[in-house]
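Here the structure comes first, spelled out in structure tokens, and everything after it is commentary.
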Amino acid sequence: MSKIKKVNYTYMNWGPFVMKTKVPEYIINKLKVDGKKTKTSYNYSLAGHLKNQFLYNNDIQKWFYDETQPIFQAYRDGHCKYHGIEKLDVELQADDLWVNFMKAGDFNPMHIHGADYSFVLFVDVPKALQKEQKEFEGTSAKPGTLMFEYTQQARPRYATTGMVAYPEPGDMYIFPALLQHWVAPFKSKVTRISVSGNLRIVNWDKLP
């Protein structure tokens, strides 16, 4: 019998840093109310097979990014810690902010975003959709789930190349803009509301 009683080990962080957090309800409520008022279509700039994707006006965008600045700073801090790099000050500039009203049959194909950091914030996730996910019997991504894909699949499974997210109201996922991701369609006769946006680092010259 081996004399080894305990094995201590460390491991490397590998792949992109994806952060999940909860956003305060007052932000969720305002985005929901104002999202239903905005009528500026943003379809021409987006990959989604959705009819109802609308750009928030400049006032709402400024309010949102002012309120959530600590969240994006936390992402930056976590990113540096995860990758073991020096935490240099960076200036982030918001590019846009839009709302998605996803209905039955809508979906987002595999895609990436512009800028440097991207996020998706789930404003409303109907219970009927959560029920549909639980009843799904297939082997692929469940209805309405968010999938992150990093590099190609492999057998045997020596690497985790995809991660699935089961959105709930208030969930916010922040990730590198170049990380491939997609959203599976659903059949429930409901509307799921999410908000997305992109931020870019404007002082790359100060980074190594």
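Tabulated data
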| read-out | value |
| --- | --- |
| Computed [θ] at 222 nm, helices only, for the chain once each DSSP H run of length n ≥ 4 contributes -39500 (n - 2.57) | -6500 deg cm²/dmol |
| Cα-based reach from Lys127 at 27 Å (exclusive), listing lysines while leaving out same-chain residues under 8 positions away | Lys20, Lys22, Lys30, Lys32, Lys36, Lys37, Lys39, Lys51, Lys103, Lys142, Lys187, Lys189 |
| Low-density loop cleavage sites - trypsin sites (Lys or Arg not before Pro) in the range 132-208, where at most 13 other Cβ are within 10 Å (DSSP) | Arg157, Lys187, Lys189 |
| Dipole of the range 114-202 [Lys/Arg +1, Asp/Glu -1 at C-beta], most positive-end residue of Thr139, Gly114, Ala177 | Thr139 |
| Relative contact order of the chain, defined on C-alpha pairs under 8 angstrom at six or more residues apart (%) | 32 percent |
| The range 44-165: radius of gyration over Cα atoms, expressed as a fraction of 2.2 N^0.38 Å | 1.27 |
| Kirkwood hydrodynamic radius of the range 1-70, from inverse mean 1/r over distinct Cα pairs, in Å | 16.6 Å |
| Vicinal HN-Hα couplings computed from phi for the range 159-171 (Karplus, 6.51 cos²θ - 1.76 cosθ + 1.60; Hz; Gly/Pro x) | 8, 8, 10, x, 10, 9, 10, 9, x, 10, x, x, 6 |
| Contour minus Cα-Cα distance for Ala128 and Trp63 (0.36 nm per residue) | 20.2 nm |
| Hz values of 3J(HN,Hα) by residue in the range 106-119 - Karplus curve (6.51, -1.76, 1.60), Gly and Pro given as x | 6, 6, 10, x, 4, 7, 10, 10, x, 6, 10, 10, 10, 8 |
| Rounded FRET efficiency, nearest 0.05, which uses the C-beta distance separating Glu137 from Gln73 and R0 of 41 Å | 0.45 |
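Read-outs: derived from the displayed coordinates by stated rules, not from any lab. Every value quoted in this text rests on a predicted model; they were computed, and no experiment measured them. All Cβ positions, even for glycine, are placed from backbone atoms using ideal geometry, and neighbour counts span all protein chains on display.
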